[in-house]
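Engineer: The structure under discussion is supplied below as structure tokens; questions concerning it will follow.
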Amino acid sequence: MTLAALILDGGKATRFGGTDKAFVSLHGRPLIEHVLERLLPQASSIAISANCDPSRFAAYGLKVVADAPAFAGCGPLAGVAAGLRWAADEGAEFLLTMPVDTPFFPRTLATDLSPGPSVAVYAGRQHHLASLWPIAFLPELEDFLRQDTKYKVRDALALCGARTVSFVSPRDPFANLNSPQDLSAFG
């Protein structure tokens, strides 16, 4: 199975005062570096989903994919669609997605979620964007995003037939660091 990975950094980070979460420091390093460290051994190629100036990520030497204009305003699923299109060009069969503010996910996540489509669950809570998406799902996802509806990642996962994979750990490996308070709790 050929697997590509996408780091999702498309949020507005309002609880961080609009600061790009990718560059928020945790243990002396930007969050994106924590996520990259865990993804590098798990994927044949990695890209970043971001709608800002791609030169901000130049130091990482990764492709930066922006949401297609047709899907602007569709939330993280627009990033997933852009990532699926990029991963298809890379010759991947699956795309592993991970939010940039989730630095503690398992180093075996790709293996644990295989075979896809699948989504991570911890303590009964589904972590929608810690998912393994089939590249072949792109046309259906784009059709879904063209509908006049509220775009929920949970609905897209159901549409592609994602199975849930439960993780057991002393603390949530998919904890999102959404605010300075969250960051200090893990810092």
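The values are calculated or read from the model by the stated rules, or taken from the named source; none is laboratory data. Note that the structure is a prediction, hence the values are computed from the model and not measured. In this analysis, Cβ positions are derived from the backbone assuming ideal geometry, glycine residues included, and neighbour counts consider all displayed protein chains.
Engineer: Kindly provide the set of residues from segment 52-93 that are of a type in the set (Gly, Ala, Ser) and over 27 Å from residue 154 (Cβ atoms), ordered by number. Give the steps one after another, and end with the answer.
Structural biologist: Start the filter on segment 52-93 by keeping residues that are of a type in the set (Gly, Ala, Ser), which leaves 55, 58-59, 61, 66, 68, 70, 72-73, 75, 78-79, 81-83, 87-88, 91-92.
Correct list: 55, 58, 59, 61, 91.
Engineer: Go through segment 40-67 and give me each residue that's part of a helix (DSSP H, G or I) and in contact with a Leu (Cβ under 9 Å, 6 or more places away or on another chain). Before the answer, list the steps.
Structural biologist: Here is the first cut: in segment 40-67, the ones part of a helix (DSSP H, G or I) are 40-42, 54-60.
Within segment 40-67, 42, 60 meet the criteria.
Engineer: Would you call residue 11 within 27 Å of residue 93 (Cα to Cα) and at pLDDT below 95? Talk me through it step by step, then tell me what you get.
Structural biologist: Numbers: within 27 Å of residue 93 (Cα to Cα): yes; at pLDDT below 95: yes.
In short, yes.
Engineer: Hey, another quick one. Looking only at segment 105-144, filter to residues that are touching a Phe, Trp or Tyr at 6+ places or on another chain (Cβ under 7 Å) and farther than 23 Å from residue 34 by Cα; which one of those is surrounded by the most Cβ atoms within 10 Å (Cβ to Cβ)?
Structural biologist: Among those that are touching a Phe, Trp or Tyr at 6+ places or on another chain (Cβ under 7 Å) and farther than 23 Å from residue 34 by Cα, it is 116.
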